[in-house]
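Since the structure comes first, as structure tokens, the remarks are kept for the end.
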Amino acid sequence: MTNSAPLRESLRRLVEPDEASAVTETAPRQASIPTADVRQLSSIDARSVSAWFGSHKVLDRVSLVMPAGEVTALIGPSGCGKSTFLRILNRMHELIPSASMAGEVLLDGDDIYDRDRKLTDARKDIGMVFQKPNPFPAMSIYDNVIAGLKLTGRRAGRDEKDEIVQRSLTSAGLWKEVRDRLRQPGGGLSGGQQQRL
């Protein structure tokens with residue numbers, strides 16, 4: 001059984017800093033959130049989350065409250081369960097055949113693992129930015145942006161799609177860089193541009 005104590009200890013330090021870090025700490029600041037095109041911010045409350053791969057337990061009763069509008073960092077040694085915990089927050093963990101979990105993950109008080117909640121809704125509400133960019137390499141920049149429409153079955157006319165692409169790329173700080181290359185493959189962008197895409 002893997003010891004998830006390092007993750008719990010890292011989380012504890014974020015909440016209860018030790019004396020050494022308390023001396024150099026400054027008062028917490030509210031994150032600067034842009035107001036245009038931002039949906040209602042949500043809080044996440046993970047309660048007693050445990051995770052397994054087969055019979056191998058990788059997380060043991062981890063709890064963490066992430067208030068709306070605040071930045072939360074998970075810091076810990078390699079292999080302590082940070083990525084597994086994050087995958088549980090948006091239901092990516094269950095894509096692994098041998099994976100299972102226990103506990104609750106609440107988004108604004110609603111359990112994202114509720115049987116009546118659609119998997120796609122949970123993933124729309126809680127996104128994940130991976131360390132390595134993952135655009136669809138053979139699809140154009142334009143098609144990468146509207147891929148979410150197709151995956152969720154949402155129909156949109158050409159004008160609406162064009163508006164969504166421009167708004168999304170502008171929000172990501174990419175529009176000025178790629179507006180003349182929308183039909184080129186997303187995989188041809190630089191690493192930083194792919195991450196924003």
**OP:** Collect residues whose amide H, placed 1.01 Å from N in the peptide plane, falls under 5 Å from the amide H of S43; neighbours closer than 5 in sequence don't count.
**Re:** A68, D108
Original post:
Taking the simple approach of a point 7 Å from Cα along Cα-to-Cβ for both V129 and R158, what is their distance in nm?
Top reply: 3.4 nm
Original post:
List the trypsin sites (Lys or Arg not before Pro) in segment 99-153 that DSSP assigns to loop (not H, G, I, E or B) and whose Cβ has at most 12 other Cβ atoms within 10 Å. Which are they?
Top reply: R115, K118
**OP:** Quick one: order W52, W175 by neighbouring beta-carbon count within 10 Å, fewest to most.
**Re:** W175, W52
Original post:
Using the beta-carbon distance between A73 and D121 and R0 = 22 Å, what value does 1/(1 + (r/R0)^6) give for FRET efficiency, to the nearest 0.05?
Top reply: 0.25
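Report the charge-dipole magnitude of segment 52-172 in Debye, nearest 20, computed about the Cα centre from +1 at each Lys and Arg Cβ and -1 at each Asp and Glu Cβ. Don't skip to the end; give the middle numbers.
Values: 17 positive and 16 negative charges, 89 e Å.
Dipole size: approximately 420 debye.
Rule-based calculations on the coordinates, nothing more; no lab input. These numbers were taken from a predicted model, which means no experiment stands behind them. All Cβ positions, glycine included, derive from the backbone under ideal geometry; neighbour counts span all protein chains shown.
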